[in-house]
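The values are calculated or read from the model by the stated rules, or taken from the named source; none is laboratory data. Computed from a predicted model, the values in this text were never measured in an experiment. Note that each Cβ is placed from the backbone with ideal geometry, even for glycine, and that neighbours are counted across all protein chains shown.
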There are 2 protein chains.
Amino acid sequence: MDADEILKALAHPTRTQILNWLREPELHFSSQEHPLDMGICAGQFERCGLSQSTVSAHLAVLQRAGLVTTRRVGQWIFYKRNEETVAAFLKHINDTL
Amino acid sequence: MDADEILKALAHPTRTQILNWLREPELHFSSQEHPLDMGICAGQFERCGLSQSTVSAHLAVLQRAGLVTTRRVGQWIFYKRNEETVAAFLKHINDTL
DNA sequence: TTTCCATATCGTCATTCATCGATATGAATA
DNA sequence: TATTCATATCGATGAATGACGATATGGAAA
C-alpha cells in the first residue's frame with residue numbers, strides 16, 4: 001500500500017468518481033449485461049464523458065495504485081474496487097493525517 | 001471544505017510531510033525561537049531541502065486547500081494545521097471513499 | 001529614512017498530466 | 001481465416017505542476 005501513489009490517484013475528480021461508482025455497482029451499473037459481481041466493464045465508465053483511451057488511462061492509474069483489481073473474462077475486462085487497499089489506505093490516512 | 005482541492009494538496013510528499021510535522025510541533029520545531037503555540041514560521045519548513053520560494057509555494061497550496069491557517073506577527077508568518085478542516089476532510093473521505 | 005529580515009510573488013524552464021485520435025492486441029464470431 | 005468487438009497502448013499536444021533565482025512587499029531595527 002503506497003499512500004503517496006494512492007493520494008496521487010485520488011487527486012483527480014474523474015478517478016474519485018469512478019471509485020465512488022464502484023462502491024454500489026447495483027446503483028450505477030444496472031444497465032450492464034453481465035452479472036455485477038463479476039465487476040464492471042471498462043466501457044461502462046465512458047459515461048463520464050471522456051474518450052475511451054482517456055478512461056482507460058484513468059483506470060490504469062487506479063489499478064497501479066492498487067485501488068481496483070481487474071479480471072479478464074472473454075473480450076471484456078472487469079473492474080472492482082480493492083476493498084483491502086481502500087481500507088488500509090483509510091486506516092493510514094486516519095492515523096497519519 | 002473542497003475535498004478535491006484537498007486531495008490535490010495532499011498529492012505531494014513534501015506537503016504531506018509539512019502537515020505531518022505540524023501535528024506535533026514540539027517534536028519537530030523545538031529549535032524555534034518563538035513560542036510554538038503561535039504556530040511555525042515559514043522558514044522552518046526549509047528543512048525539507050527545497051528553496052525558500054518553493055517552500056512558500058507548497059505552503060500556499062496547503063493554505064488554499066484550507067489545511068493550514070496563517071497569522072502574521074511582526075515580520076514572521078506563522079502556520080498552523082487547521083484541525084477543523086482536517087477533521088472534516090477525514091470524515092468526508094471515510095464516508096465517501 | 002535607510003537598511004535588514006522574513007516571506008510572497010514573478011518569470012522561466014523542465015517535467016508530468018490529461019486528453020485525443022489512431023493503432024495494436026486479444027478474444028469471440030462469422 | 002477474416003471480421004468484429006472491447007480494451008490497452010502509442011504519439012502528439014496543450015495545460016498544470018514543481019523547481020529555481022530574482023525581485024517585490026511589508027514590518028523591524030538602526
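If you go through region A:29-40 and keep only what is within 15 Å of DNA strand D (Cβ to nearest atom) and at negative phi, you end up with A:Phe29, A:Ser31, A:Gln32, A:Glu33, A:His34, A:Pro35, A:Leu36, A:Met38, A:Ile40.
Can we say B:Arg47 is among the basic types (Lys, Arg), under 12 Å from the mean Cα position of the chain (by Cα) and within 24 Å of A:His92 (Cβ to Cβ)? The answer is no for B:Arg47. Residues that are exposed (fewer than 15 other Cβ atoms within 10 Å of the Cβ), within 14 Å of DNA strand D (Cβ to nearest atom) and more than 11 Å from every other protein chain (Cβ to nearest Cβ) are absent from region A:5-28. Here the condition is being surrounded by fewer than 19 Cβ atoms within 10 Å (Cβ to Cβ), out of contact with any Pro (no Cβ under 8 Å at 6 or more places or on another chain) and at positive phi; of B:Gly43, B:Gly49, it holds for B:Gly49 alone. Hey, among the residues in region B:52-84 that are of a type in the set (Val, Ile, Thr) and either within 11 Å of another protein chain (Cβ to nearest Cβ) or assigned to a strand (DSSP E or B) (or both), which one's nearest to DNA strand D (Cβ to nearest atom)? Here the answer is B:Val73. I'd like to know if region A:44-54 contains one or more residues that are of a type in the set (Val, Ile, Thr) and in contact with a Phe, Trp or Tyr (Cβ under 7 Å, 6 or more places away or on another chain). Within region A:44-54, none of the residues are of a type in the set (Val, Ile, Thr) and in contact with a Phe, Trp or Tyr (Cβ under 7 Å, 6 or more places away or on another chain). Remark: pairs (first residue in region B:15-41, over 16 Å from B:Ser56 (Cα atoms) and acidic (Asp, Glu); second residue at pLDDT below 95 and not in a loop (DSSP other than H, G, I, E, B); Cβ separation under 7 Å; 6+ apart in sequence or on different chains) are absent.
Looking only at region B:11-28, filter to residues that are among the hydrophobic types (A, V, I, L, M, F, W, C) and either on the phi > 0 side of the Ramachandran plot or not in a helix (DSSP H, G or I) (or both); which one of those is nearest to DNA strand C (Cβ to nearest atom)? If you could, list the steps in order and put the result at the bottom.
Within region B:11-28, the first condition is being among the hydrophobic types (A, V, I, L, M, F, W, C), and the residues that meet it are B:11, B:18-19, B:21-22, B:27.
Among the residues that remain, those that are also either on the phi > 0 side of the Ramachandran plot or not in a helix (DSSP H, G or I) (or both) are: B:11, B:22.
Details: B:Ala11: 8, B:Leu22: 14 Å.
Across region B:11-28, the extreme among qualifying residues is B:Ala11.
If you go through region A:63-83 and keep only what is within 24 Å of B:Asn20 (Cβ to Cβ) and out of contact with any Asp or Glu (no Cβ under 8 Å at 6 or more places or on another chain), you end up with just A:Leu67.
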